[in-house]
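Just so you know, all these numbers are worked out from the coordinates, no wet-lab data involved. The structure displayed is predicted, hence computed values, not measured ones. With ideal geometry, Cβ positions are generated from the backbone for all residues, glycine too; neighbour counts draw on all protein chains shown.
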Amino acid sequence: MARTALVTGGSRGIGAAISKALKAEGYNVAATYAGNDEAAAKFTAETGIATYKWNVADYEESAAGIAKVEAEIGPIDIVVANAGITRDAPFHKMTPEQWHQVIDTNLTGVFNTVHPVWPGMRERKFGRVIVISSINGQKGQFAQVNYAATKAGDLGIVKSLAQEGARAGITANAICPGYIATEMVMAIPEKVRDSIVAGIPAGRLGEPEEIARCVTFLASEDSGFINGSTISANGAQFFV
């Protein structure tokens with residue numbers, strides 16, 4: 001019987017590539033989204049992947065949404081915590097609202113996504129938790145104190161969950177993408193984008209499918225001894 005995978009923020013950008021790659025590997029996939037109904041409907045129509053709308057920053061919404069997915073598709077064995085937002089500003093101009101919005105989505109949202117499925121994973125003695133962090137959680141970034149803090153915190157979540165879940169057959173790992181050719185990055189003015197690429201030794205942006213391939217490996221049975229690890233997928237831009 002095919003395992004079920006949940007991908008938060010799974011209908012656009014890197015998340016969409018992950019959802020499609022997992023489906024191609026034979027998983028039953030549910031993709032969440034926060035607000036763009038039109039984009040989600042188009043994604044489902046094109047891929048056949050079911051989409052579910054909820055705010056990962058809200059625990060009750062997340063728990064209810066997860067219960068619906070499990071009732072309709074099956075017990076969730078793979079969680080890809082990909083949903084994230086930015087609210088960039090230099091620290092001296094950053095507002096408490098900008099801080100809390102990013103913390104609530106990117107950090108607390110991981111707790112809200114993983115916590116409801118954790119007991120089932122423990123009972124079934126299998127689970128894969130994959131958190132999409134960021135190069136900026138590893139090295140920091142100007143005007144992203146809030147974002148960098150969440151992405152660094154996500155790595156702490158993964159390392160702790162790995163220790164708690166290992167004997168129950170659960171792994172928890174992170175992927176830290178560098179600059180990827182998503183809609184958001186491609187919307188950056190070409191001159192700025194060229195300066196970004198100039199700082200990447202590989203000489204190019206990454207592709208969403210390259211991150212998706214990291215996910216499909218970590219989701220597989222073959223990755224069972226890889227636990228608490230971070231894959232840096234950044235074209236040699238930064239080493240830990």
At least 18 Å along the helix axis (C-alpha) and Kyte average at least -1.0, DSSP helices within the chain:
59-72, 145-165
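Calculated from DSSP H runs of 4 or more alone, at -39500 (n - 2.57) each and per residue, what is the 222 nm mean residue ellipticity of the chain, nearest 500?
Calculated mean residue ellipticity at 222 nm is -13500 deg cm²/dmol.
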For labels at residue 190 and residue 36 in the simple 7 Å Cα→Cβ model, what's the distance in nm?
2.3
Measuring from its Cα centre, the chain shows a charge dipole (+1 at each Lys and Arg Cβ, -1 at each Asp and Glu Cβ) which, in debye to the nearest 20, is 440
Amide H to amide H, which residues 5 or more places from residue 230 or on other chains are under 5 Å from it, using H placed in the peptide plane?
174
Cut-off 20 Å (backbone N to label point 7 Å along Cα→Cβ of residue 44), residues of region 59-100:
61-76, 80, 82-83
For residue 167 and residue 198 in one chain, what is 0.36 nm times their gap in residues minus the Cα-Cα distance, to one decimal in nm?
6.7 nm
For residue 159, give me every one of the lysines with a C-alpha distance below 28 angstrom, ignoring sequence neighbours fewer than eight places off in its own chain.
20, 23, 125, 139, 151
Can you give the relative contact order of the chain as a percent, counting alpha carbon pairs under 8 Å and 6+ residues apart?
20
Take the alpha-carbon centre of region 83-141, take the same for region 149-170, and report the distance between them in whole Å.
12
HN-Hα couplings for region 136-141 via Karplus (6.51, -1.76, 1.60; θ = phi - 60°), in whole Hz with x for Gly/Pro, come out as 6, x, 8, 10, x, 7
By the mean-Cβ-within-10 Å protection proxy, highest first, 230-240, 7-17 rank as 7-17, 230-240
With x for Gly and Pro, the residue-by-residue ³J(HN,Hα) of region 90-104, computed from phi through the Karplus equation 6.51 cos²θ - 1.76 cosθ + 1.60 at θ = phi - 60° and given in whole Hz, is x, 4, 6, 10, 5, 9, x, 5, 4, 4, 5, 4, 6, 4, 5
Please compute the length gained on full extension between residue 226 and residue 239, using 0.36 nm multiplied by the number of residues separating them and subtracting their Cα-Cα distance.
2.8 nm
Under 5 Å from the placed amide H of residue 143, counting only residues 5+ away or on other chains, we find 91
Can you list the residues, at least 5 places off or on another chain, whose amide H is less than 5 Å from the amide H of residue 170, using H built in the peptide plane?
127
Least to most buried among 37, 58, by other C-beta atoms within 10 Å and fewest first, runs 37, 58
Going by average Cβ density within 10 Å per residue, which order do the peptides 91-101, 66-76 take, highest to lowest?
66-76, 91-101
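Starting from the Cα-Cα distance between residue 1 and residue 217, subtract it from 0.36 nm times their residue separation and give me the gain in nm to one decimal. Kindly include the intermediate steps, with their values, before the conclusion.
Numbers: separation 216, 0.36 × 216 = 77.76 nm, distance 1.88 nm.
Residue separation times 0.36 nm, minus the Cα-Cα distance, leaves 75.9 nm.
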Would you mind ranking 154, 104, 194, 77 so that the residue whose beta carbon has the fewest other beta carbons within 10 Å leads the list?
194, 104, 77, 154
